[in-house]
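The values are calculated or read from the model by the stated rules, or taken from the named source; none is laboratory data. Because the structure is predicted, anything quoted here is derived from the model rather than measured. Here Cβ is always computed from backbone atoms with ideal geometry, including for glycine, and neighbour counts include all displayed protein chains.
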Amino acid sequence: MPNDSTPDASALPRRDFLKKTGAGAGLLMVGNTGPVIRAATSARSASASPDIVVIGAGVWGSFTAMNLRKMGANVTLVDAYGPGNSRSTSGDETRGVRSSYGDKTGALGELWTLWARESIKKWIAFDDEWGREFRLNLFHTTGDLIMRTEWDNFQLRTKVWWEKNKIPYQVLNPDDVRKAFPVISMDDITAVLYEPDAGVVRARRATQTAAAVFEKLGGKIIIGRATPSNVAGGMLHEISLDTGRKLRADTFVFAVGPWMSKTFPELLAKKTRAPIGYVCYFATPVGDHRFTFPNIPSYNFPGVTGWAALPVDNRGFRVRGSERAPATPAEAAAAAGRAGGRAGGAGAGAGTTAGAPAQPETPPAQLDPDTSDRWADASRIEGSRRFIAHRFPLLKDAPIAQTHACHYESTSSSNFIIDVHPQMANTWIVAGGNAEGFKFSPVVGEYAAKRVMGIEGDADIAKGFRIPDKEFDPPAPAAKTP
């Protein structure tokens with residue numbers, strides 16, 4: 001049952017506070033090292049081992065291929081650049097795993113909440129099974145602090161899902177959090193929601209590990225860009241690689257992330273988008289371990305998330321998102337004038353940004369994951385620095401250890417796509433992480449593998465994962481300069 005009581009953090013050192021609330025666990029996960037080929041669980045897999053080609057060795061593709069192999073399928077995994085490559089969505093250093101989905105309503109919010117909770121268990125189990133053999137620890141239990149100046153709908157709806165499904169959480173006293181973590185500037189914070197089991201995964205390593213496990217279980221990985229090349233009778237019979245090689249199979253699974261609209265433009269170009277997200281890793285101060293796991297939890301402020309630097313390699317204190325600069329006197333005056341104009345019923349210029357420079361259209365190359373420039377320039381960094389100076393002032397002058405940028409894939413349904421291609425009955429599409437997909441990969445990989453092997457499961461979930469009918473609205477034209 002939920003526990004709304006607040007621990008007396010004032011009497012506890014930071015490390016003890018984290019242990020008390022559950023964030024000090026998961027320092028080293030080791031366990032069985034032997035591969036397990038599970039017995040087939042469907043009529044199709046119980047007979048001849050089907051030949052399946054999975055295209056895309058990102059985290060979804062690698063976990064799907066691994067689970068198909070465990071179910072007895074003969075599987076080949078294909079990727080244009082290789083597992084965990086720098087162009088991929090799953091090639092970053094770390095990704096957060098939490099189940100706070102108060103921004104999602106209805107069945108989608110509850111499903112993502114439950115799947116995220118199940119993913120936490122599966123990430124830990126994956127570490128237990130393979131951590132010793134591959135000499136690494138992927139999942140780190142950090143706990144997650146959701147902090148707001150006052151209770152908002154995101155927190156309140158998240159509490160509803162957690163209470164309904166008996167998910168552990170705490171409502172913390174902001175004064176106790178300030179005492180436990182004085183490095184966080186939160187004098188204006190009055191609402192703190194805490195998920196003790198949330199954590200952080202080493203993203204690139206996890207992707208490469210899932211692919212390595214797939215190989216250890218007998219799968220084969222091929223590097224090459226795949227294109228559907230032989231479609232006949234409502235089936236895909238063959239794909240061609242840019243190496244000149246051709247691959248035939250009974251079934252094909254495309255899990256190519258932001259390359260999906262390039263692979264199937266007629267079907268998905270208007271139903272998926274691939275914007276770029278940026279993160280900054282700030283170098284932690286020499287000799288100061290307060291910004292390193294397990295001494296501080298993950299955090300969630302409006303528009304910004306992040307977490308501690310992870311040992312042993314310490315890539316840095318992670319910040320995703322930014323804080324807006326305060327308005328200049330001229331901007332404030334212009335905003336006040338626009339507000340007055342709207343209040344007075346003015347027509348021309350009401351609701352517009354008078355005098356603002358036109359927003360340049362995104363160059364086509366920046367929309368393409370093969371050609372986009374991933375360099376985070378000053379405009380991408382300034383907002384993160386403002387946030388750090390505000391919320392973690394001891395890091396305001398910290399150097400940036402590294403930045404990372406990746407395309408993530410949004411769908412017009414705001415949900416995952418796990419469905420059969422409408423013109424190719426033996427071709428599956430596994431897509432649409434919607435900037436949240438990484439955390440779900442152990443569950444998505446297992447679910448997608450079962451669907452491919454003929455096990456539909458819950459009909460309502462399958463229906464929600466269909467290729468959406470609706471399309472995104474076309475982008476608004478760029479504003480014209482006067």
Take the residues in region 303-353 that are among the hydrophobic types (A, V, I, L, M, F, W, C) and under 24 Å from residue 289 (Cα atoms); name whichever of them is modelled with the lowest pLDDT.
312
Residues of region 282-296 classified as part of a strand (DSSP E or B) and crowded, with 23+ Cβ neighbours inside 10 Å, total
1
Which one of these does residue 175 not meet: (1) surrounded by fewer than 16 Cβ atoms within 10 Å (Cβ to Cβ); (2) of a type in the set (Asp, Glu); (3) touching a strand residue (DSSP E or B) at 6+ places or on another chain (Cβ under 8 Å)?
(3)
Restricting attention to region 125-169, which residues are buried (at least 21 other Cβ atoms within 10 Å of the Cβ) and β-branched (Val, Ile, Thr)?
141, 142, 146, 158
May I ask you to list the residues in region 429-442 that are among the hydrophobic types (A, V, I, L, M, F, W, C) and out of contact with any strand residue (DSSP E or B) (no Cβ under 6 Å at 6 or more places or on another chain)?
435, 440
Going through region 263-281 one residue at a time, which ones are under 21 Å from the mean Cα position of the chain (by Cα) and not in a loop (DSSP other than H, G, I, E, B)?
268, 272, 273, 276, 277, 278, 279, 280, 281
Of the residues in region 205-229, those that are in a helix (DSSP H, G or I) and surrounded by fewer than 21 Cβ atoms within 10 Å (Cβ to Cβ) come to 205, 212, 215, 216
Residues that are in contact with a strand residue (DSSP E or B) (Cβ under 8 Å, 6 or more places away or on another chain), surrounded by fewer than 18 Cβ atoms within 10 Å (Cβ to Cβ) and either among the basic types (Lys, Arg) or farther than 30 Å from residue 453 by Cα (or both): does region 406-428 have at least one?
no
Inside region 375-389, the number of residues satisfying the requirement of being surrounded by 13 or more Cβ atoms within 10 Å (Cβ to Cβ) and part of a helix (DSSP H, G or I) is 10
Given the options 252, 181, 214, name the one that is under 30 Å from residue 131 (Cβ atoms), touching a Ser or Thr at 6+ places or on another chain (Cβ under 8 Å) and of a type in the set (Phe, Trp, Tyr).
214
Of all residues being free of Cβ contacts under 8 Å to residues at least 60 places away in the same chain and of a type in the set (Ser, Thr, Tyr) in region 135-179, which is farthest from residue 303 (Cα to Cα)? Just the residue, please.
158
Against the condition of a type in the set (D, E, K, R) and under 27 Å from residue 366 (Cβ atoms), how does residue 238 come out, does it pass?
no
Considering each of 472, 438 in turn, give the residue that is touching a residue at least 12 places away in the same chain (Cβ under 8 Å) and closer than 22 Å to residue 213 by Cα.
438
When you scan region 81-199 for helices (runs of 4 or more DSSP H) that lie fully inside it, which ones turn up with 3 or more residues that are in contact with an Asp or Glu (Cβ under 9 Å, 6 or more places away or on another chain) and under 27 Å from residue 274 (Cα atoms)?
106-134
Residue under evaluation residue 182, criteria (1) in contact with a strand residue (DSSP E or B) (Cβ under 6 Å, 6 or more places away or on another chain); (2) free of Cβ contacts under 8 Å to residues at least 60 places away in the same chain; (3) under 22 Å from residue 284 (Cβ atoms), criterion not met
(1)
State which residue is nearest to residue 413 (Cα to Cα) when the search covers only region 297-329 and only residues that are assigned to a strand (DSSP E or B) and of a type in the set (Ser, Thr, Tyr).
305
